[in-house]
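Below is one structure, written out as C-alpha cells, with a few remarks after it.
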Amino acid sequence: MASIDTYDACVDFPIFDAKSRSLKKAMLSTAGGAIGRNDSNTVVVEALKDINLHLREGDRVGLVGHNGAGKSTLLRLLSGIYEPTRGSADVRGRVAPVFDLGVGMDPEVTGYENIIIRGLFLGQSRKQMRAKIDEIAEFTELGEYLSMPLRTYSSGMRVRLALGVVTSIEPEILLLDEGIGAVDAAFMAKARVRLQELVERAGILVFASHSNDFLAQLCTTALWVDHGQIRQTGPVGEVVEAYEGPEAGQHIRNLLKRFSEEDNQ
C-alpha cells in the first residue's frame, strides 16, 4: 500500500563560497529559503525546514505558495531526487514524478520515438508503451507530426505529446508540478478530463499548482508552503483563502459546488 511519511525533514543547499555574489544570487533565485549555517559553519539555503507529512492511499494534496516557496523542492524530496539533510522521508510505492513535461524527450527523434523514451523515463517498459502508442497518438491529435523530429514541434505541440504520455501511466504515487499552460483552451479542457482520470488511478497525489481551477478539480486538501515551511494545512478552499484572500476562497467553493452538482446529474 502506498504511503508517504516525513518527520521533521529538512533540505539545505550549501554555498561553499559565500563570498561569491554571483553564486549566492544564483542559489537564492532558485531556492528562496532562509539563509543559515550548518554544523560545519558553511553558509546554506534552508530550502525546506521541519516538513511533517503523513499521506495514505486516497489522499489528494495540493501545494500552494509563491514561486521559490519550496513546493518543487518538496516534490523532489518525495521523489527521492533530494535526500533530507536532517530528519527523514519514507516513501513507499511506485512513484511517477512529473515535474517538467519536457524532461526525458529527445528533440532529434520522432514523436513516436519520444512516446517510448518519455514512458521509459516514467518507469514504464517498452512493451507497455508500444501498447499505448495508438491511444496516445489519438489523444494528442498531432497526426503526421508524430513521424517528424520533436525539434519541429511548437511548444504547445510538445506539451500535447508529453501530456499524452504522462496521462497514460498507472502510478501509485503521482507527484505533479504544473507546467501545461502552452496549449489552447479546447485541448486544455480535454486534458483536464485525462488528468482527472490519471488522478483517480493514482493512490496518492501531490500537486504543486498556481491554478485554483486545477486544485479544486484534482485535490481535496492543500498545504500552504511558505519560505520552505508548511504554514497551513486543511481543505482546499480554506488554505487557498488564507493564502490568496476571500475572493479566491469563494471561487474554490463555487467550483466545488459546481463539480458536486455535475457529479450528481
Pairs returned, first residue in segment 204-226 that is touching a residue at least 60 places away in the same chain (Cβ under 8 Å) and more than 18 Å from Ser72 (Cβ to Cβ), second residue that is hydroxyl-bearing (Ser, Thr, Tyr) and in a strand (DSSP E or B), beta-carbon separation under 8 angstrom, 6 or more apart or interchain, are Thr221/Thr233
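For every residue, the table says whether it meets (1) within 19 Å of the chain's Cα centre (by Cα); (2) basic (Lys, Arg).
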| position | (1), (2) |
| --- | --- |
| Arg130 | no, yes |
| Ile133 | no, no |
| Leu146 | no, no |
| Ser168 | yes, no |
Out of Gly119, Gly111, Gly68, Gly104, report the one residue that is surrounded by fewer than 21 Cβ atoms within 10 Å (Cβ to Cβ), small (Gly, Ala, Ser), without any contact (Cβ under 8 Å) to a residue 60 or more places away in the chain and under 24 Å from Leu146 (Cα atoms).
-> Gly104
Would you point out the residue of segment 122-148, among those that are part of a loop (DSSP other than H, G, I, E, B) and out of contact with any Ser or Thr (no Cβ under 8 Å at 6 or more places or on another chain), that is surrounded by the fewest Cβ atoms within 10 Å (Cβ to Cβ)?
-> Ser125
Say whether the condition of being assigned by TED's automatic domain parsing to the domain that holds Asp8 and under 30 Å from Tyr112 (Cα atoms) is met by at least one residue in segment 214-221.
-> yes
When every residue in segment 54-93 that is in a helix (DSSP H, G or I) and among the polar types (S, T, N, Q) is compared, the one nearest to the chain's Cα centre (by Cα) is Ser72
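The values are calculated or read from the model by the stated rules, or taken from the named source; none is laboratory data. Computed from a predicted structure; not experimentally measured. We place every Cβ from the backbone using ideal geometry, glycine too, and count neighbours over all the protein chains shown.
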